[in-house]
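Taking it in order: structure first as structure tokens, then the write-up.
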Amino acid sequence: MSEDSMSSTVISLENIAVNRFGYGARGDELTHAKAAPKKWLSAQLQVINFTDEQPTSADVFVAHAKFQKQKKLMKQQKKQTLSSQDKEKSKMMKGAARKTYIKMSAASLKQAITSEHSVSWRLLDFFSNHFSVSTAGRLMVGLSPTLEREAIAPNLLGNFADMLLAVEQHPAMLIYLNNEKSFGPNSRMAKKRKVGLNENLAREIMELHTLGVDGGYSQSDVIELAKGITGWSVKRPKKEHGSGFVFRAYAHEPGSRELLGKKYAQHGIKQGQQMLRDLAMHPNTATYICNKIAHHFVSENPPQSLITKMQNTWLNNQGNLKKVMLTLFDAEESWIAQPQKFKTPREFVISTYRAIAPKNINSRALFNSLNNLGQMPFNAGSPAGFSDDESDWLGASALMARVEWSSLVSGQKKSINAKRIMATALGNSISQNTYQMVMRAESRQQASTLLLMSPEFQRR
Amino acid sequence: MIDNKKTINEPLTLSSVSPLVDEDTLSRRKFMKMAGASLAVLSFPMASAFAVQAKGKSTFNSKTKPKIIWVVLRGALDSLHTIVPTFDTQYAKLRPKLSTSFNSPLLPLEKGFALHPSLRNLHHWYQDKSLLPIVAVSSGYAKRSHFDGQDFLESGKGEIDHDSGWLARAIEVKSKSALAIARSTPISLRSSLVRSEQVNTWYPSKFKSADEDIYAALNELYKNDAALKENLTSALKVKGLVAENAEGNKIQKGKFVDLAKSCAKLITAEQGVDCAMLELGGWDTHNNQSNRLSRKLTELDTGLAELKAGLGDEWQNTVVIIGTEFGRTAKENGTGGTDHGTASALFLAGGAVNGGKVKGRWPGLKPDELFQQRDLMPTSNSFGWMASVLSQHWQFSEQELQQVFPQVKSYSDSLIHS
């Protein structure tokens, strides 16, 4: 048995390349990666183009404005009797935002499932979770899925500062963390009306998006950054022309600011932008995010030497994310031959479908799968995003749900071939025990369930 | 350094007496028979899911055991909007909008405090002397990050330790058992020293159950992966206990009120657990606080009422501890909400609680009385009160308390009926 357990913990290099850094092997990826795993990995970093023609954040605002208009109309007509047609229309509009959100979430998942560059999708999902937004309220239901498409994907292989600025100026983030109505205490607006500062976004920018909670900032830094980004707001489609980000000078706190000991004398929007650019290149930001990337891709306890390599790349290359990722791929520390991580539900579901490659996947069912496994898209419910730790995903109840889901998926495909899926997904990196259990299973469904639930498939 | 110990070839060290756990060498056929039998027993609602911890003890009756239910409100509850200091003239000045936003009368407590109108059930309990609100408490964490604040509160050690929680250390000292209504073990119930059969997790599943054969096969499949095997074993123990409730196989949505119902059911099973943990998020009210808190507090109030109803007579032996990571700014912000603060409130509820009064010294709301001139000043430590509960409800000695809350001493106030 000791021999068996030895073999169960060693993974081939091509398996590491495809399964640790990507969303799991699909088709003959393992064969392709085998010749030169590192080269295969580097070629995986490709710009992500969303080809699915889903609504943009601007579309979401237009639809939302229409919905509110209809709602108002309904309210006015409440005393009169409503025609059933009107009722139906209102009901449809009410559900429309949620439908769109489910469609968009599923569309992203499907692209990750069929992509030939799944490593880039892992990276996109990493940053989408890093800049986590949740669907609280009707407007956020529609807006949440647009952030990764409009602010993160276009900057995925560029400099972190550009991604940071795009995210913090995107309506989804501004509304989610309440900056759109944050007013400088001495702004022109505050002199006329009783309005004031909201420090939520500023705090999370430093705690979660850049420096990290131990990144060396104080409460007064939070307030200074909050003041620096006052006026960063979102257009109201009913009252203003167009939609999206707007800088409101009358809401901005006048005067210069001091953040982390540095003075910012800029006026208007430039002040906050410079603050964010400096935060993006702060050494603590480099440490925090490189550590988080290594934690995500490689191990919950990444070696310090790996972090140092990545951090140096970050600081010497304007926080260029592609170069940081290449450093990660190049480091020997990333290629530990034992599995280091337990897949999150998202990783588990995507890698399953990549291995099985069904002809059609029902969007609704795909979305529900993630929901029921505990990782509903854009629903971390906290700006910290979903956890990336085994202890938060490997629980008794969570494991049971995975067993049930695996059984369900295995039963859905007629004449599912576990042996073929095993070869596609894991190649030779499989223990004798698992191999025998799968081959000896009493039915096709059971064989596939066991394979999907095997330690080799659950871990990477 | 890489923690190579955490790989899957770790030898099994389960020192368990459960037939489901120690059968490393059990034949598949035999296991299937056994698992099948266990599952059949488990699907009977009053069956024992936790026979393990009761084995070897003289009493099999859980009905007289003192229970603790730990409820964590994630997101930082604004205590000033929940237990309103109506006597404090600063209150309306700091919160001109919020203080006038209550749409029904506040529910009076002693000393001029009053409960938010949504907490109707809790107020009844207060009148029955089974609710004890404690004002101006803090865990000692003062840096205003939700996530660190919650981890700090759950650790209970005066520092963040993701692998050691206060409730886990408590059940370790007294060899008790616990259940978390969660998909995986929350920090409060993590400890390397607690035996795996002492802590269980349960969360409603929406999938159809898999064929029972599969569980036997999985047990064999996981023979070299201790973590997977442990969780499988644990899951099989709870399986079936909650699934078939009175309403048939109705799909549960994971709402707090449903979770609270299921929690009560699991606790009151014949050899149920000694303590349980529930979580409720959504308290981070940076904007539109008045409406949002009305909704959230109603959800909390209704959920706790269901918990009480489900516990039946057990309520008399129960202490529910309701806490949050920190409080919010004394002053309202520019968007009808409040930002991250420091001191908040702690609630003790249950038939075992010596309630009907408000504990905790009021620090005042004048600028100089506030923490850093912005937050409610803590005047006592949450862990001190929780230690008192352990001491009076679970008979912890001072020495035993040190293993749970090494940084604090318990308060001498009488919190529990003797």
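When A:Arg354 is tested against (1) within 23 Å of A:Gly142 (Cα to Cα); (2) basic (Lys, Arg); (3) in contact with a Gly (Cβ under 9 Å, 6 or more places away or on another chain), just one condition goes unmet, and that condition is (1).
Table: residues versus (1) under 16 Å from B:Val273 (Cβ atoms); (2) under 19 Å from the mean Cα position of the chain (by Cα); (3) of a type in the set (Ser, Thr, Tyr); (4) crowded, with 24+ Cβ neighbours inside 10 Å.
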| site | (1), (2), (3), (4) |
| --- | --- |
| B:Lys176 | yes, yes, no, no |
| B:Leu179 | yes, yes, no, yes |
| B:Thr185 | yes, yes, yes, yes |
| B:Leu189 | yes, yes, no, yes |
| B:Arg195 | yes, no, no, no |
| B:Val199 | yes, yes, no, yes |
| B:Trp202 | yes, yes, no, yes |
| B:Lys208 | no, no, no, no |
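Residues satisfying the criterion are absent from the stretch A:429-440 (criterion: within 27 Å of the chain's Cα centre (by Cα) and farther than 22 Å from B:Leu259 by Cα).
Each residue in the stretch A:13-59 was checked for being hydroxyl-bearing (Ser, Thr, Tyr) and at pLDDT below 95, and 3 pass.
Please give the number of the condition B:Ala217 fails out of (1) crowded, with 21+ Cβ neighbours inside 10 Å; (2) within 14 Å of another protein chain (Cβ to nearest Cβ); (3) in a loop (DSSP other than H, G, I, E, B). Exception for B:Ala217: condition (3). Residues of the stretch A:378-398 that are surrounded by fewer than 23 Cβ atoms within 10 Å (Cβ to Cβ) and not in a helix (DSSP H, G or I): A:Asn379, A:Ala380, A:Gly381, A:Ser382, A:Ala384, A:Gly385, A:Phe386, A:Ser387, A:Asp388, A:Asp389, A:Leu394. Filter the stretch B:262-312 down to the residues that are hydrophobic (A, V, I, L, M, F, W, C) and under 30 Å from A:Ser182 (Cα atoms), then identify the one that is surrounded by the most Cβ atoms within 10 Å (Cβ to Cβ). Among those residues, the one meeting the criterion is B:Leu300. Here A:Ser382 meets the list (1) of a type in the set (Ser, Thr, Tyr); (2) out of contact with any Ser or Thr (no Cβ under 6 Å at 6 or more places or on another chain); (3) more than 8 Å from chain B (Cβ to nearest Cβ) almost entirely, failing just condition (3). Every test in (1) surrounded by fewer than 21 Cβ atoms within 10 Å (Cβ to Cβ); (2) away from chain B (no Cβ under 11 Å); (3) not basic (Lys, Arg) is passed by A:Ala425 save one, and that test is (1). A Cβ distance below 8 Å, combined with a sequence gap of six or more or placement on separate chains, defines the contacts here; from the stretch B:301-321, residues that are free of Cβ contacts under 8 Å to residues at least 40 places away in the same chain and farther than 13 Å from B:Ala352 by Cα reach no residue that is assigned to a helix (DSSP H, G or I) and not charged (D, E, K, R). Scanning the stretch B:195-212 for residues that are in contact (Cβ under 8 Å) with a residue 40 or more places away in the chain and more than 7 Å from chain A (Cβ to nearest Cβ) yields B:Arg195, B:Ser196, B:Glu197, B:Gln198, B:Pro204, B:Glu212. All told, B:Asp163 falls short of being touching a Ser or Thr at 6+ places or on another chain (Cβ under 9 Å) and modelled with pLDDT of 90 or more.
With in contact with a strand residue (DSSP E or B) (Cβ under 8 Å, 6 or more places away or on another chain) and either among the basic types (Lys, Arg) or within 11 Å of another protein chain (Cβ to nearest Cβ) (or both) as the only criterion, which of A:Glu224, A:Glu204, A:Glu180 stands out?
Criteria check complete, one pass: A:Glu180.
Looking at this structure, is A:Gly215 within 14 Å of chain B (Cβ to nearest Cβ), assigned to a loop (DSSP other than H, G, I, E, B), under 29 Å from the mean Cα position of the chain (by Cα) and within 26 Å of B:Arg144 (Cα to Cα)? Considered against the rule, which asks whether it is within 14 Å of chain B (Cβ to nearest Cβ), assigned to a loop (DSSP other than H, G, I, E, B), under 29 Å from the mean Cα position of the chain (by Cα) and within 26 Å of B:Arg144 (Cα to Cα), A:Gly215 comes out as yes. For the stretch A:445-456, the condition holds for at least one residue, the condition being that it is more than 10 Å from every other protein chain (Cβ to nearest Cβ) and either out of contact with any Cys (no Cβ under 9 Å at 6 or more places or on another chain) or under 24 Å from A:Glu14 (Cβ atoms) (or both).
Per the listing A:Lys292, A:Lys309, the residue uniquely outside the structural domain of A:Gln219 (by TED's automatic domain parsing), within 19 Å of A:Gly158 (Cβ to Cβ) and basic (Lys, Arg) is A:Lys292.
The residue that is nearest to B:Ala343 (Cα to Cα), among those in the stretch B:80-94 that are part of a loop (DSSP other than H, G, I, E, B) and within 31 Å of the chain's Cα centre (by Cα), is B:Thr82. Taking residues in the stretch B:332-353 that are touching a residue at least 40 places away in the same chain (Cβ under 8 Å) and within 14 Å of chain A (Cβ to nearest Cβ), and partners anywhere that are of a type outside the set (D, E, K, R) and part of a strand (DSSP E or B), the pairs with Cβ atoms closer than 8 Å and at least 6 places apart or on different chains are B:Thr338/B:Thr329; B:Asp339/B:Thr329; B:His340/B:Thr329; B:Gly341/B:Thr329; B:Gly341/B:Phe371; B:Thr342/B:Ser138; B:Thr342/B:Phe371.
Mind checking which residues of the stretch B:172-194 are more than 9 Å from chain A (Cβ to nearest Cβ), touching a residue at least 40 places away in the same chain (Cβ under 8 Å) and assigned to a loop (DSSP other than H, G, I, E, B)? Correct list: B:Ser175, B:Lys176, B:Ser177.
The values are calculated or read from the model by the stated rules, or taken from the named source; none is laboratory data. What you are looking at is a predicted structure, and each value in this text was computed from that prediction instead of being measured. Methodologically, a virtual Cβ is constructed for each residue, glycine included, from the backbone with ideal geometry; neighbour enumeration extends over all protein chains shown.
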